[in-house]
Structures are given as C-alpha cells and as structure tokens.
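Here is the structure we will look at, set down as structure tokens.
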C-alpha cells in the first residue's frame with residue numbers, strides 16, 4: 001500500500017550461466033555492479049542485509065512472488081537456492097533491480113541471485129553461498145520448504161534465521177526446532193510476529209495504572225486461532241506467562257481444544273486454545289482474558305483494526321475499535337525481514353514458556 | 001522471573017509502547033498545516049496501530065460545518081497528502097471518532113462546547129482521556145486560546161494529563177516570545193507545553209546526535225583543536241510561492257535561522273548528555289545557545305533575490321512576487337557568522353546560510369577540519385590537497401560524506417580529494433516517518449525531548465533579536481542575488497581568510 005516506487009529489473013544488468021561455480025557467480029555480481037555504476041552513477045547499491053532462501057524448485061515462483069510483496073523491506077542481496085531432486089550441477093542467474101525509494105536523485109539497486117542446485121549440495125551449502133553474500137552485512141536464512149540440513153550448513157555464517165512455526169507439522173516440533181536454532185542464532189518467527197498487534201493491545205489495555213494491578217489477578221485466558229496456527233496461540237500464552245511469572249502446567253487436547261492451567265502468584269490460570277474454522281489466514285482470531293475480580297477483556301478481528309470489549313466486575317460492557325491496518329501475509333514477511341535487524345528479548349522467554357506447556 | 005508491580009511487565013520487547021487513551025484537539029483544523037501534515041500524520045499513526053488504544057479527535061475552527069462535512073474534508077486531505085494509500089476501513093473507523101466544533105477562538109461558547117465534547121468522550125469510555133490541545137493557528141491566537149482553556153478549566157484534568165502543542169513561530173521578537181511564555185505559563189506548567197519545531201522530528205536531524213554520540217572516532221576531533229570552521233546551509237530552490245503574506249512579515253532570519261538552524265547548531269555543538277532524558281538533552285542545548293553572542297552587524301549579510309532562472313525557466317524577483325509590497329525590505333537570504341564561546345568551540349567560526357530561490361535545495365552541516373601541519377608531498381606538486389570536510393546531509397540524499405586526500409594513479413605522488421560516502425537510504429529498510437507523526441506521538445506519550453523549552457526559545461531570540469534591531473535602523477539598500485544562483489557575493493564578506501562557502 002506504500003506510495004513508494006516498486007522494484008523493477010534493470011534490463012541492462014543480467015547474467016546467467018549453466019553448470020557454473022560460486023566464483024564465476026561472484027565475479028558476475030562484481031562486474032554487473034561496476035557496469036551499472038559506470039552507466040549511471042545515480043545508482044547506489046543497498047547495503048543492509050543478505051537474504052538466503054532455500055526453496056523447492058517447483059515452488060520457487062510462489063516464494064518469489066511473496067518476496068515481491070514485502071513492500072520496502074527488500075533484502076539488499078537475495079540468494080534463492082532452488083532445490084531440484086537429482087540435480088548434480090549448479091545453474092545460476094544474477095539480476096539487478098532498481099527501487100525508487102531514496103529521496104533525492106539517487107536510486108537504490110539490489111541484487112538477486114537465483115541458483116538451481118541439487119539435494120547433494122545442501123549439506124555443504126555454505127561453500128556455495130558464502131562467496132556470494134556481501135561481507136560484513138548480516139545474513140538472514142529462510143527455508144520455507146524444510147531442508148533443515150541446508151539451514152544447519154549455513155548457521156555458522158548466518159546471524160538470523162527466519163522461521164514460520166505455523167508451517168511445521170506440529171506445535172511441539174515447531175517450538176523445539178525454533179529453540180534449537182535460537183541457541184545458535186537470532187530467530188525471527190513469523191508466527192510470533194503475527195501476535196504482535198495482539199500483544200501490543202493487551203499491554204496497552206492493562207497499562208493505565210488503575211488497571212495494571214488486574215494483570216496479577218488474571219485467572220483465565222482463551223485464545224482462538226486459525227486452524228493451522230495453534231503455535232501462535234502457544235507463543236501468546238508463553239508471552240503472558242513469561243512476563244507475568246506464571247509456572248506453566250500441561251495442556252491436553254480434547255475435541256480440537258487444548259486446555260490446561262498455569263500457576264500464577266495468586267491464582268491458577270485456566271488456559272484454552274481453540275481452533276477457529278472460520279479464519280482463513282494464519283495467526284490469532286481472538287483473545288479473551290478474565291481476572292478474578294470479575295473483569296474481562298477480549299480482542300477480535302474487525303474492520304479497521306481489532307474490536308476490543310471490556311466488561312467490568314459489575315457487568316457493564318464497552319466496545320471500541322483499536323485502529324490498525326492488516327499487514328497481510330506479504331507485510332508479515334516484510335516485517336520478518338525488518339525484524340532481522342532488531343532484537344526482541346521477549347521471544348525466547350515466550351518460546352521457553354510455550355514449549356513447557358507442551359511437555 | 002521477578003515482576004515489578006508498579007511497571008507494566010508486558011511492554012518489554014514491544015516496539016510500540018502503550019500510549020494512554022487520548023483526545024487530540026486541533027485548533028485551526030481547517031488550515032493548511034492540518035490538512036497537509038496533521039491529518040495525514042494522524043492517519044498514518046492509525047494505520048500502523050501506533051495511536052493510543054482509544055483515540056478521539058476534535059477539530060476546532062471558524063468555518064461553520066457539521067461533523068460529517070469535516071470528516072469529508074479530512075478524508076480528502078488524507079487521500080491527497082498521506083505518505084501511504086489509505087486503508088478505507090481504518091480511515092472509516094478513525095473518522096467515526098472525529099468531532100467538529102465551529103467558532104472563533106475568542107468565543108466562550110466554543111470552549112464550552114469543547115468541554116462538553118471532551119467530557120462526553122470520557123463519560124462514554126468510563127475513564128479520563130489525556131488531552132492534547134494542538135494550536136495550529138495563526139500565532140496571534142496562541143495566548144488567547146491558552147487563556148480561554150484556563151478560564152474554562154480545560155488546562156487540568158483529574159487523573160489524566162493535559163498538554164498543549166504550540167506551532168512556530170513562537171514570537172517574532174525576544175520581548176514577544178517572553179510575553180508569550182509568561183502568558184502560557186500563567187495557565188500551564190512548563191511540563192505541559194510542547195513548542196514544536198518540526199525539524200527536530202526529522203530522522204536525519206536526530207541522526208546528528210546518533211552520529212556524534214554513538215561513534216567514538218569523531219569525539220576526539222570534535223573541538224577547536226581540529227575543526228577549522230563549520231557551515232550550516234539550508235537552501236531552497238523554490239521562491240515564496242503563495243506564502244507572501246507570511247513570508248514578507250517573517251523573512252529568512254525568523255523563518256529558518258531563529259529556530260531550525262540554531263537547533264542544528266546546538267545538536268552539532270552540544271556536550272554529550274548524561275542520558276537522553278528530555279531535560280538532560282535540552283539543558284545541554286541551552287548551554288550552547290547561552291555561549292553564543294549576537295553577531296555584530298558586519299558578521300551578518302541579508303539579501304533579496306532578483307529575477308533569474310530557476311529549473312530552466314524564467315523566475316521573477318522577490319519584489320515582483322504576487323503579494324509582496326514593492327518597497328519590501330524583507331530578506332530572502334541571510335548568512336551570519338557565530339561563535340560558540342566555550343572551551344570546546346572558542347575561535348571556531350560557525351557560518352549559517354539560508355535562502356530562497358538558490359541554486360539547489362539542500363540542508364547540510366559541513367565541518368571543515370584544520371589542514372595538516374606539514375605537507376610532505378609539496379615537492380611533487382600536490383596542488384589538490386585540501387582540508388578534510390565532513391558533511392552531514394539532512395536533505396535530500398541524507399547521509400554522511402568525508403572528503404579525503406588520495407593518491408592519483410600514476411608514477412608521481414600527486415594527491416586529490418575523493419569522497420567517502422554513506423547514504424542512509426542504502427543502509428536501512430524502514431521508511432522514515434514524517435516528522436509530524438513522530439512529534440504528535442511524542443506529545444501523546446509525554447516525551448518533550450524533541451520540543452523546545454521556554455528558556456531554549458528565549459535563548460534563541462537573544463541571539464537573533466539584536467540582528468533584527470540593527471536591521472530596523474539600517475536603511476542601506478539590501479544586497480541582491482539572481483534567482484537560481486549561489487546567493488549574493490556579499491556573503492563572502494563574513495568569511496575568515498582562507499574560508500569559503502561550499503557550492504550549494
């Protein structure tokens with residue numbers, strides 16, 4: 001929705017080769033940059049972040065489309081490794097894109113490297129990718145179609161791994177994998193980022209001093225989530241629990257709803273995690289929080305933001321809209337790329353607490 | 001994990017900290033600033049989910065219209081001036097919370113209606129909203145509106161904060177600024193007053209602080225021992241457009257130097273604050289202003305543009321601009337030489353220069369270092385050796401460049417200057433928010449760091465007022481410069497020997 005100019009390919013700056021090598025690709029990148037600068041000195045290469053993406057060859061187009069929709073948050077150099085079953089050699093293409101998003105008379109250029117390679121290359125993918133990243137920039141790795149051996153091979157040269165825990169087959173393995181990765185690198189989890197507006201709103205609701213004390217009387221939390229997004233609900237629970245000092249109990253699932261308790265400083269807290277079949281997008285569908293004093297607040301998706309409802313201990317109810325535009329899945333991915341340059345200390349603790357609920 | 005009861009434990013790690021529910025009141029809500037800047041800024045904050053959890057807007061202006069009519073105008077302004085395309089659902093919900101109160105600012109019934117609307121919002125929500133009164137009016141109404149707020153008891157609110165944002169210019173002379181401060185502070189505490197200088201909301205202006213205080217390599221040379229002189233330039237390629245009425249009464253000195261350029265100078269020259277607490281930062285800025293003596297007349301040059309070429313087209317002179325009196329002596333260009341008389345800066349000239357209809361639009365701070373004490377390459381004919389320049393560009397092409405001497409390829413050891421450049425746009429993913437987005441949010445959060453304090457604004461006027469005083473007595477013809485040029489030749493008069501203006 002931004003009014004900034006879209007990325008467009010620089011027609012004069014493309015290179016492709018079959019059965020090539022990383023050093024040839026790296027040389028091509030250098031030449032293309034030099035040629036582009038010689039043609040037009042008003043182009044300045046973006047130097048923010050390397051993004052290495054490992055995808056199945058058949059789904060490369062879909063991932064490329066998603067990367068096109070990240071708004072301003074394009075990596076400076078994107079290296080897409082498309083994995084093809086049985087492939088023995090490496091084919092590559094390099095293209096420069098031009099964005100119109102620098103004020104004044106300069107244009108940012110970014111580089112995109114597409115590699116076609118085989119499964120045999122994945123365990124040593126670092127030897128192929130390392131020569132291609134811009135030195136001294138942080139490197140973000142994203143592997144939306146699995147291929148954990150490729151991610152593991154890149155961990156020593158990456159600073160950040162992007163995951164989407166809702167894509168893992170089950171919440172337990174999703175949180176376990178995220179925790180394993182978090183021991184080695186900083187993890188940006190799209191499932192966590194989808195909870196951000198909800199976390200911000202709950203934090204804001206309890207921020208006025210007259211309501212802050214109610215935080216410590218919470219005795220019930222119900223989370224509704226998209227059918228594949230229970231892990232987002234777990235992370236939200238984990239966030240509340242880790243911030244409020246709850247000791248997590250165990251969740252058990254009956255008829256699609258996970259229930260359990262956590263132990264707070266004053267009360268036990270009942271937890272419920274419900275799947276909402278009516279929600280078509282990943283993430284949370286609603287949050288409801290009760291306190292022992294009889295107050296409850298809820299947040300649900302609505303037009304123009306989240307619909308907030310507050311019921312006080314006397315049963316009086318109010319409703320209002322907390323304004324905010326939906327970021328869409330393209331926006332979430334863009335936010336994931338942006339977050340690779342920041343650090344959120346709350347995620348690790350939420351992850352630990354959320355995982356404890358599953359033990 | 002230890003939980004501190006009096007803090008909100010949920011905010012750790014959140015990029016957007018909670019803001020107390022707020023009702024924002026804009027006086028002058030049909031004016032140009034409201035339509036071009038304030039309403040789009042509020043929409044963008046709403047779009048990003050950065051507004052308080054509960055937010056209302058009350059627009060106050062003279063035009064007689066209903067709520068819906070104002071909402072329609074606001075929708076048009078946001079569509080036209082917002083930095084992003086509006087999401088209709090967010091915009092609809094935002095406009096639902098907008099009320100319009102018509103009337104003149106001297107009319108008590110306006111403030112009674114305003115009080116009722118504010119009270120209704122509180123009552124409906126069952127909690128007292130913070131109140132921000134944004135004075136986006138002619139400066140002539142600032143004192144009156146604040147007086148009326150006081151008379152109607154709107155300057156305080158039980159269990160909530162009341163803040164007043166005052167647009168520039170804050171006075172046109174020192175005495176006027178002092179009077180206005182007295183009137184404002186007879187109703188409000190200084191902690192409630194947010195004097196806005198939108199320059200301070202610009203990311204690149206704040207970057208001056210980051211550049212100085214987050215990089216150890218510059219601090220050792222940031223003083224009179226290494227710096228030869230400083231130039232701060234804010235040039236415009238445009239003329240005055242349709243702003244003759246305002247501009248002819250203000251002039252370049254009041255329009256840009258008294259506020260924006262002195263702010264840039266304080267950020268460049270201030271000592272490192274102990275923390276970035278609002279008063280710590282502002283204390284350091286005020287110390288710089290107190291160390292600057294008003295420049296003598298010979299260190300100030302003023303001029304007017306005459307006909308010339310701008311952007312390849314004929315451009316009329318200032319006196320031919322529509323709405324400008326034939327005998328106007330308003331300066332469209334001013335250059336001055338200041339010195340910050342303290343241990344760090346004594347003896348280092350600080351040149352300020354601003355003007356309309358100059359060759360290019362640029363705002364920059366250029367720091368020229370002293371030349372090397374001995375030039376070993378002289379025998380090889382190194383005519384190109386120049387002192388290093390460190391240039392902080394605020395707009396456009398925000399960035400930092402450092403000129404260095406480098407060897408020209410070849411068999412002889414000959415030197416010429418080259419530039420090492422850093423552009424902010426190449427190194428960050430995020431789009432900078434508009435200055436007004438940042439400042440409105442800061443006012444709602446109660447963070448006055450980027451707003452001007454009473455003693456700060458008066459210290460600025462202490463430097464500028466004597467210049468205006470001397471100009472009032474001076475009847476010599478103004479210097480002139482052709483539209484589209486580098487400015488008047490007379491500007492070189494204030495430079496110390498060996499110093500020169502950078503090309504605009």
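Using R₀ = 51 Å, calculate the FRET efficiency as 1/(1 + (r/R₀)^6) where r is the Cβ-Cβ separation of residue B:274 and residue B:311; round to 0.05. Given R0 = 51 Å and the Cβ-Cβ separation, E is 0.60. Considering only A:87, A:338, A:110, the Gaussian network model of chain A with Cα springs below 10 Å gives its largest mean-square fluctuation to A:87. Compactness of chain B, taken as the C-alpha radius of gyration over 2.2 N^0.38 Å, stands at 1.06.
Using only Cα atoms, what Kirkwood radius does region B:425-504 have, in angstroms? Please report the intermediate quantities before stating the final value.
Working: mean 1/r = 0.0561 Å⁻¹.
The Cα-based Kirkwood calculation yields 17.8 Å.
When chain A is treated as a Gaussian network with alpha carbon springs shorter than 10 Å, the biggest mean-square fluctuation among A:326, A:165, A:280 belongs to A:280.
Tell me the volume per residue, in Å³, of the convex hull enclosing the alpha carbons of region A:162-280.
That works out to 117 Å³ per residue.
Any chance you could tell me what percent of the C-alpha pair distances in chain A go past 26 Å? Write down the numbers at each step before the final one.
Values: 35254 of 64261 pairs.
Roughly 55 percent, rounded to a whole number.
Residues B:392, B:174, arranged from fewest to most other Cβ atoms within 10 angstrom of their Cβ, appear as B:174, B:392. Helix content alone sets the calculated 222 nm mean residue ellipticity of chain A: runs of n ≥ 4 DSSP H residues at -39500 (n - 2.57) each, divided across all residues, give -9000 deg cm²/dmol.
Between residue B:213 and residue A:130, the simple spin-label model (points 7 angstrom out along Cα→Cβ) gives 4.1 nm. For chain A, the longest principal axis of the C-alpha atoms and the axis of helix A:230-244 are separated by about 60°. Here each label is just a point 7 Å from Cα along the line to Cβ, and for residue A:57 and residue A:179 those points are 3.8 nm apart. Projecting label points 7 angstrom from Cα along Cα→Cβ for residue A:352 and residue A:68 puts them 4.3 nm apart.
Helix B:108-125 axis versus longest C-alpha principal axis of chain B: approximately 80°, rounded to the nearest ten.
Averaging over all projection directions, find the projected area of the Cα convex hull of the protein assembly as shown and quote it in nm² with one decimal place.
Answer in nm², one decimal: 40.4.
With a Förster radius of 22 Å applied to the C-beta separation of residue B:369 and residue B:413, the computed FRET efficiency comes to 0.55. Fraction of C-alpha pairs exceeding 14 angstrom in region B:209-275: 70 percent, rounded to a whole number.
Full extension of the chain between residue A:300 and residue A:359 yields a length gain of 18.3 nm, computed as 0.36 nm times the residue separation minus the alpha carbon distance. Report the percentage of all Cα-Cα pairs in region A:223-324 whose separation exceeds 22 Å, rounded to a whole percent. So the portion of pairs separated by more than 22 Å is 36 percent. For region B:326-451, the alpha carbon positions stretch 62, 48, 39 Å along the principal axes, listed from largest to smallest. Volume per residue for region B:165-264 equals 168 cubic angstrom (convex hull of Cα atoms). With the helix formula -39500 (n - 2.57) applied to DSSP H stretches of n ≥ 4, chain B reaches a computed 222 nm mean residue ellipticity of -9000 deg cm²/dmol. Taking chain A as a Gaussian network of alpha-carbon nodes connected by springs under 10 Å, the highest mean-square fluctuation of the residues A:17, A:340, A:285 belongs to A:17. Using the alpha-carbon positions of region B:115-203, Rg (one decimal) and Dmax (whole number) come out as 14.2, 45 Å.
Compute the relative contact order of chain A as a whole-number percentage, counting only Cα pairs closer than 8 Å that sit 6 or more residues apart in sequence. Could the numbers behind the result be given before it?
Details: 740 pairs, mean separation 56.9, N = 359.
Reported as a whole number, the value is 16 percent.
To the nearest ten degrees, helix B:278-290 and the longest principal axis of the Cα atoms of chain B are 40 degrees apart.
We did not get these values from a lab; they are worked out from the coordinates using the rules stated. Please read these numbers as outputs of a predicted model, since none were measured by experiment. Counting neighbours? That spans all protein chains shown, and the Cβs are built from the backbone with ideal geometry, glycine included.
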